[in-house]
Amino acid sequence: METEVISTHSPAELENVMKRAVLLLRSGQVVAFPTETVYGLGGNAFDEAAVAKIFTAKNRPPDNPLIVHISHQDQLSEVVECIPKRAKLLMDTFWPGPLSLVLQKHPLVPDITTGGLNTVVVRHPAHQVAQALITAFGKPIAAPSANLSGKISPTSAQHVLTDLHDRIPLIIDGGPSTFGLESTVVDCTTHPFIILRPGSVTYEQLRAVVPDILPHSTDAVPRSPGMKYRHYSPTAPVILFDGEPHATNTAMQQYLDKHPSQSVAIMWHFGRSMENKVNFQLSPEPEKAAPRLFAALRSLDETHPDVILIQGYGETGLGAAVMNRLRKAATTIIDT
Ligand code: TXA
Ligand code: MG
């Protein structure tokens, strides 16, 4: 199947692509669409055959459930059984936006969508094109990130095309994703609530609304099925340098001195310049680095280096989400 990429620059283009996308969704097909976090690969959340197509296109393991996207809180009653008071508080504060909530699932949501769990993850995205698509379709849309399973999440239509060309009929191009990291996932079926996946809505922000919420824990047994799988893996091995920025920069320089014949690609943000190598310099502020993180990783990997070296970030604020993704991408972590 040939993959069509349609842009949404003008109102006429947007209208045209919405018509195409809704026709596809109604006929049980899948469509890639932009959100403010990463691009999603969507299908009718209630159509088992459509959801099966999402798993096939991505090569996704069937026990890794999907996020159900809505365009209005009124749609919640179609997908969840009940809404705890503090979950409602989170919705009213952070929706629409990059926050996904685990809730008790409605019996009509098929098992294939939730990987057989009795819970479902729901998100109300802020991206105008995502909202327009869900509204025009009129039903909740199940969508994981639109990458091949195990690979880096897509933050542009081109990234989706690279991974899923000829596997899906349509990619809606809404330009680069503004946040660039997947949504924060919070389990609202536990007491207290717990962050299963750190993301653009930070622990600090969530704690201001639900004071006893537990931060994401790196050593806990994965409670989110997806967290047990290797993610964000470039083809080249990745060495992550973890620690304070002077120390990580020094350790990276030492690595280069010790391995003069290796072809390296470097992602860095602080200290002595790495510009004499294939490199991508990000902002030292994780908030500014995040939107370009996945694109940087993809572009460095495309130079086919022997190894990718990455300078880590501190773990406060958005740094927690950035380091979560970098740890999953890493084959080796060097503590400095
Ligand atoms: O920003 C995002 O969240 C993007 C955009 C497209 O919305 N979506 C996304 O989906 O990142 P995905 O499938 O790549 O990640 C969903 C995560 C996975 O780790 C999955 O295991 C977890 O959410 N998840 C899904 N349903 C769950 C459930 N019922 N309980 C616990 N974790 C669940
Ligand atoms: Mg994903």
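Table for the structure above
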quantity: Val5 within 23 Å of the chain's Cα centre (by Cα) and either within 16 Å of ligand 2 (Cβ to nearest atom) or assigned to a loop (DSSP other than H, G, I, E, B) (or both); calculated: no
quantity: Selected residue [within 23 Å of the chain's Cα centre (by Cα), surrounded by 19 or more Cβ atoms within 10 Å (Cβ to Cβ), under 14 Å from Gly174 (Cβ atoms) and small (Gly, Ala, Ser)] from Ala57, Ala45, Ala32; calculated: Ala32
quantity: Listing of strands (runs of 3 or more DSSP E) fully contained in region 98-175 that carry 1 or more residues being polar (S, T, N, Q), within 11 Å of ligand 1 (Cβ to nearest atom) and under 30 Å from Thr189 (Cβ atoms); calculated: 99-104, 119-123
quantity: Number of the condition not met by Pro62 [criteria: (1) in contact (Cβ under 8 Å) with a residue 60 or more places away in the chain; (2) assigned to a loop (DSSP other than H, G, I, E, B); (3) open to solvent by 60 Å² or more (accessible area, probe 1.4 Å)]; calculated: (1)
quantity: Lone qualifier among Thr93, Thr56, Thr113 - being of a type in the set (Ser, Thr, Tyr) and more than 26 Å from Lys151 (Cα to Cα); calculated: Thr93
quantity: Any hit, region 72-88, residues being surrounded by fewer than 19 Cβ atoms within 10 Å (Cβ to Cβ), over 28 Å from Pro192 (Cα atoms), modelled with pLDDT of 95 or more and touching a helix residue (DSSP H, G or I) at 6+ places or on another chain (Cβ under 7 Å); calculated: no
quantity: Qualifying position, being open to solvent by 20 Å² or more (accessible area, probe 1.4 Å) and assigned to a loop (DSSP other than H, G, I, E, B), among Gly199, Gly271; calculated: Gly271
quantity: Counted residues, region 283-336 - those being part of a helix (DSSP H, G or I) and either in contact with an Asp or Glu (Cβ under 6 Å, 6 or more places away or on another chain) or free of Cβ contacts under 8 Å to residues at least 12 places away in the same chain (or both); calculated: 2
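Residues checked against (1) more than 16 Å from ligand 2 (Cβ to nearest atom); (2) buried (at least 21 other Cβ atoms within 10 Å of the Cβ); (3) of a type in the set (A, V, I, L, M):
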{"position": "Gln128", "(1), (2), (3)": "yes, no, no"}
{"position": "Ile134", "(1), (2), (3)": "yes, yes, yes"}
{"position": "Pro140", "(1), (2), (3)": "yes, yes, no"}
{"position": "Leu164", "(1), (2), (3)": "no, yes, yes"}
{"position": "Asp173", "(1), (2), (3)": "yes, yes, no"}
{"position": "Ser177", "(1), (2), (3)": "no, yes, no"}
{"position": "Thr184", "(1), (2), (3)": "no, yes, no"}
{"position": "Leu214", "(1), (2), (3)": "yes, no, yes"}
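The values are calculated or read from the model by the stated rules, or taken from the named source; none is laboratory data. Bear in mind the structure is a predicted one, so any value in this text is a computation, not a measurement. Because the Cβ atoms are built from the backbone with ideal geometry, glycine has one as well, and the counts that use them run over all protein chains shown. The accessibility values were calculated without ligands, DNA or RNA, using every heavy atom of the protein model including side chains. Shrake-Rupley method; radii C 1.70, N 1.55, O 1.52, S 1.80 Å.
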